[in-house]
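Worksheet: the structure to be examined is printed underneath.
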Amino acid sequence: MKHFLDISDLERAELVGLLGDAAHLKQARAGRSQGTTDDGAPLAGHVLAMIFEKPSTRTRVSFDVAMRQLGGETLVLSSDDLQLGRGESVADTARVLSRFVDAVMIRTFEPEKLIELAEHSSVPVINGLTDASHPCQVLADVMTLQEHKGALDRLSVAWSGDSNNVTQSWIHAAARFGFELRIASPQPLQPGPDILAWGARNGARITVTEEPQTAVRDADCVVTDTWLSMNHSDESSRHNLLRPYQVDTALMACARPDAIFMHCLPAHRGEEVTGEVIDGPQSVVFDEVENRLHVQKSVLTWCLKD
Ligand code: CP
Ligand code: NVA
């Protein structure tokens, strides 16, 4: 059984393989319309169920289109429509779905729910975001970084903002792919000791600072994310803490002149990033969006075919 729950669960070679497959899939589709099926329809006859307990645009559409292009089908299920939303157990939901579909993708709150679903599922489970991580997003981001900047182990990535679920997947990726990761967050919103200890044990080159300029200095890539994730409610205190971490042209000027800017989206222009930066020439945010499709096709194939 091959679940895709976190980047940290996979060996470096497997992850490099996933990125290589994604690049081939991307190349093979150049110039083709989105509605056509990939050669050989590798997932023909397969059904993916997608459970959403939080909103989604990119994850929903990219997984749906990915399955169609691979020749398979999808079911989009919101927790309000499922008995899960009325208290049916996660374990029973996993056992039931396993009798009907070939794989399950879930976007949820507690990472424990994802783990429980995987433990009781007899088909592969894919993490479409939890409060703790967002591995499909960061795998697509690493693909984007490699496309724009080349050999990953020579690069430095600077994160400025809240240390959230996306940051945690960046920490996992730094350990597996070998790039340097410098995180700038206000002290109360910095990564916890457990994830930093995991990074250290796994050879990640990670520094944490309260000063965005220190993190960004000479970086190859600057990344940020929303100040208020879907699991947060403490709006005003976060905004006050995070205002100095906004990525604006002055902060981008501390990075290398050819640095790229990344954001998983959705973005809030004027909060974590200025419109000038996200809509400017250094921004690659829509390449990240496109790469969600290619990476997820390689993840789906890895789960279901290899
Ligand atoms: N980046 C991302 O996962 O976007 P959605 O919330 O729209 O899926
Ligand atoms: N950190 C954000 C990512 C959204 C894709 C959130 O969890 O809301």
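The values are calculated or read from the model by the stated rules, or taken from the named source; none is laboratory data. The structure displayed is predicted, hence computed values, not measured ones. Don't worry about glycine lacking a Cβ; one is built from the backbone with ideal geometry, like all the others, and counts go over all protein chains shown. Keep in mind that these areas ignore ligands, DNA and RNA; they rest on the heavy atoms of the full protein, side chains included. Shrake-Rupley method; radii C 1.70, N 1.55, O 1.52, S 1.80 Å.
Please verify whether segment 104-114 includes one or more residues that are away from ligand 2 (no atom under 16 Å from the Cβ) and open to solvent by 10 Å² or more (accessible area, probe 1.4 Å).
Scanning segment 104-114, I find at least one residue that is away from ligand 2 (no atom under 16 Å from the Cβ) and open to solvent by 10 Å² or more (accessible area, probe 1.4 Å), so the answer is yes.
Select, from 271, 276, the only residue that is on the phi < 0 side of the Ramachandran plot, within 15 Å of ligand 2 (Cβ to nearest atom), open to solvent by 50 Å² or more (accessible area, probe 1.4 Å) and over 17 Å from the mean Cα position of the chain (by Cα). So that I can check it myself, show each step before the final result.
Working: 276 fails: within 15 Å of ligand 2 (Cβ to nearest atom).
Every option except 271 fails the conditions.
How many residues, within segment 21-58, are at negative phi and without any contact (Cβ under 8 Å) to a residue 24 or more places away in the chain?
Here is the first cut: in segment 21-58, the residues at negative phi are 21-30, 32-39, 42-44, 46-58.
Still in the running and without any contact (Cβ under 8 Å) to a residue 24 or more places away in the chain: 24, 27-28, 30, 32-33, 39.
Residues flagged as at negative phi and without any contact (Cβ under 8 Å) to a residue 24 or more places away in the chain within segment 21-58 amount to 7.
This table checks each residue for (1) surrounded by fewer than 18 Cβ atoms within 10 Å (Cβ to Cβ); (2) among the polar types (S, T, N, Q); (3) at pLDDT 95 or above.
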residue: 3; (1), (2), (3): no, no, yes
residue: 20; (1), (2), (3): yes, no, yes
residue: 24; (1), (2), (3): yes, no, yes
residue: 44; (1), (2), (3): yes, no, yes
residue: 49; (1), (2), (3): no, no, yes
residue: 53; (1), (2), (3): no, no, yes
residue: 71; (1), (2), (3): yes, no, yes
residue: 74; (1), (2), (3): no, yes, yes
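Return the residues of segment 52-79 that are away from ligand 1 (no atom under 14 Å from the Cβ) and more than 19 Å from the chain's Cα centre (by Cα); say none if nothing qualifies. If you could, list the steps in order and put the result at the bottom.
The initial filter retains those residues of segment 52-79 that are away from ligand 1 (no atom under 14 Å from the Cβ), namely 67-75, 77, 79.
Within segment 52-79, 68, 69, 70, 71, 72, 73, 74, 75, 77, 79 qualify.
Could you please find all residues in segment 112-126 being in a helix (DSSP H, G or I) and farther than 13 Å from residue 4 by Cα?
Selection gives 112, 113, 116, 120.
Could you check segment 284-303 and list, in sequence order, the residues that are away from ligand 2 (no atom under 16 Å from the Cβ), surrounded by 21 or more Cβ atoms within 10 Å (Cβ to Cβ) and not hydrophobic (A, V, I, L, M, F, W, C)?
The answer is 294, 297, 298.
Working only within segment 225-249, note down all residues that are hydroxyl-bearing (Ser, Thr, Tyr) and exposed (fewer than 14 other Cβ atoms within 10 Å of the Cβ).
Selection gives 233, 236, 237, 249.
Please count how many residues of segment 234-250 are touching a strand residue (DSSP E or B) at 6+ places or on another chain (Cβ under 7 Å) and either farther than 14 Å from residue 157 by Cβ or among the aromatic types (Phe, Trp, Tyr) (or both). Spell out the reasoning first.
As a first pass, look at segment 234-250 and keep what is touching a strand residue (DSSP E or B) at 6+ places or on another chain (Cβ under 7 Å): 245-247.
Now drop any that are not either farther than 14 Å from residue 157 by Cβ or among the aromatic types (Phe, Trp, Tyr) (or both), which leaves 245-246.
Total satisfying the criteria: 2.
Out of (1) away from ligand 2 (no atom under 16 Å from the Cβ); (2) of a type in the set (S, T, N, Q); (3) within 23 Å of residue 285 (Cα to Cα); (4) open to solvent by less than 20 Å² (accessible area, probe 1.4 Å), what's the single condition that is false for residue 93?
(3)
Out of everything in segment 261-281 that is in contact with a strand residue (DSSP E or B) (Cβ under 9 Å, 6 or more places away or on another chain) and in contact (Cβ under 8 Å) with a residue 40 or more places away in the chain, what residue ends up being nearest to residue 220 (Cα to Cα)?
261
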